[in-house]
1. Step through the table entries B:Lys44/B:Lys73; B:Lys49/B:Lys162; B:Lys32/B:Lys73; B:Lys32/B:Lys162, compare each Cα-Cα distance with 18 Å, and write down the pairs that go over it.
2. Take the alpha carbon gyration tensor of segment A:58-171, find the square roots of its eigenvalues, order them as a ≥ b ≥ c, and report rounded if a/c is under 1.5; if not, report prolate when a/b exceeds b/c, else oblate.
3. To the nearest 10 degrees, how steep is helix B:116-129 against the longest Cα principal axis of chain B, on a 0 to 90 scale?
4. Treating only the Cβ atoms of Lys and Arg (+1) and Asp and Glu (-1) as charged, compute the dipole magnitude of chain A about its Cα centre; round to the nearest 20 debye.
5. So, R0 is 25 Å and r is the distance between the beta-carbons of B:Asp116 and A:Thr210; what FRET efficiency does that work out to, to 0.05?
6. Take every Cα pair under 8 Å in chain A that's 6+ residues apart, average their separations, divide by the length, and report that relative contact order as a whole percent.
7. Is the shape of the protein assembly as shown best called rounded, prolate or oblate, per the rule: a/c under 1.5 gives rounded, else a/b larger than b/c gives prolate, else oblate, with a ≥ b ≥ c the square roots of the Cα gyration tensor eigenvalues?
8. Among B:Val202, B:Ala166, B:Asn52, whose Cα sits farthest toward the positive end of the charge dipole of chain B (+1 at Cβ of Lys/Arg, -1 at Cβ of Asp/Glu, about the Cα centre)?
Amino acid sequence: MVRVVIANIFRYLFYGAARNWVRNIGSIAPALGSMALLLLMSGMAGLGGLALFNLERVEAAQASLLHVYLRDEATLPAVDAFWYRLATDPRVASVTYVTRAEAFARAQTMPGLPQLANASEGNPFPASLDVQLKTIGDVGAIDAMVQHDPVVDPVYPTSYDRGAYQRIQAVVLGIAIACIAFLAMLAIVAVTVTMNSVRAAIHSRRDEVTIMQLVGAPRWMVRGPFVVEGAITGALAGAVAGLVTFGLTVAGVSANPMTFAQFAPGITVTVGALAATMVFAVGISLGSGSSLISVRRHLES
Amino acid sequence: MVRSIVELTGVTRAYGSRLALDDVHLSLEPSKLTFLVGPSGAGKTTLLKLINREMRPTKGEVWVDGLPAHSIKASRVAELRRRVGVVFQDYKLLPRLTAIENVAFALQVGDLRISDQEAMDRALDALEAVGLGDRGSAFPHQLSGGQQQRVAVARAMVSQPKVLIADEPTGNLDLETAWQIMHLLEDIATFGTTVLVATHNVEIVTRLQRRILTLVQGRLVRDQPAGAIGRMAWLASASS
């Protein structure tokens, strides 16, 4: 009995839906295209958003990092006392002593600096204390406090990225609003086109639907195939968009890993695969959801 | 007293300001063939649709085999419809299915517990009952109008409903074929199903001498018992 019910459900709900989907591919194509485009844009926007989020965090950490450069003549006990004073300040998260050799090594990893470092005779980089603040707002106050300390280099006492974080935040906010508005518009188009294609499918099969309704087919069985058809459309659009999203991520990561990591921090092949999976799942939900809305609107019980 | 299988009490159905049915009271007894006559626009199709819960009455109650069609929840409509078979003037067969598949399809989508083999066996039985046992593999376009209507009757009856409603079942058929269909509906009533036929076919209605309900402008103006010879005034308007 259970096997018979399952076989019938599979035949009338899934197989029937798949057969009708293939038969109606002409009218479904616009919905498929617009949904694939929407999902692809969503996938790329999602990855871009994650990269921007990570970039913002990196920038926030860097912006609240104050480099305090030490005099070459500063004695070790004086530097220790200065270090202790900063480390015990409640506004400070951590203080790291960077030797001249470490500063030189760090410069080698930064774009443009290796050439500069190699052009100089000896090591041009001073020792420093890297002071990580708990909040960005305290950077200015700590900077002012340490400027005139005897162990601090009087010519170039400190450095930090003034205003960079705020600028990035403004840019990220602007991009996010633009992306959300664009995706919302695309979503409306995709849902509308899908709803219309389901409406056309209902119209083309009105006799079948009428007969199913009149012989007492349960409501879910009358509506189900149309929802499954929408899910198939969404799944296919999701699969295409997901594959393209994943392919672009893999291409970006493998083309130049260092540069890619700088411009899109946190975006790896695994993250790309996860994004592709999410795009696929969203596709199924979007397709079946918009079909369900259309069925509820256009199918009488 | 015989329990009614279909009962309408004070039923009114309005389309905007126009009344398609106006305070209709009637009951149908089991195993009887009843004709529903009246001019075009009298409300015959509306009355049939109320019985099958294709629409709800604006006012009044419609009971079908103990179920309140006027107030039944959408989730239980299928249960009601499994008790009511429907035959249309234009047959409404699915063109891509054969005759036997049309019948089996209706049987299976109405009851998912029915296996393929059982559905085909019962569909074949139903087709044999309407005299089309040898045309099961034919597609609708390969059948005559009368044969297509027989398939439609087989489809309506295969799940053994308590009530069969037929909306102009002979409207597209020549007189000889129409008589064949009517005899078939008579047989169905004899075997225990309540049959309600909306028709314009005056000759059939008068010669069969079954109960006749006459609707005019939404009102049930006459309920003529079976065997009675009534006035023929309605014929003029019924055949219009």
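Since every read-out is calculated from the coordinates, none of them should be taken as a lab result. Everything quoted here is computed from the prediction, not taken from an experiment. Don't worry about glycine lacking a Cβ; one is built from the backbone with ideal geometry, like all the others, and counts go over all protein chains shown.
1. Exceeds cut-off: B:Lys44/B:Lys73; B:Lys32/B:Lys73.
2. oblate
3. 60
4. Value, rounded to 20: 2140 debye.
5. Plugging the Cβ-Cβ distance into 1/(1 + (r/R0)^6) gives 0.60.
6. Reported as a whole number, the value is 31 percent.
7. prolate
8. The residue sitting farthest along the positive end of the dipole is B:Asn52.
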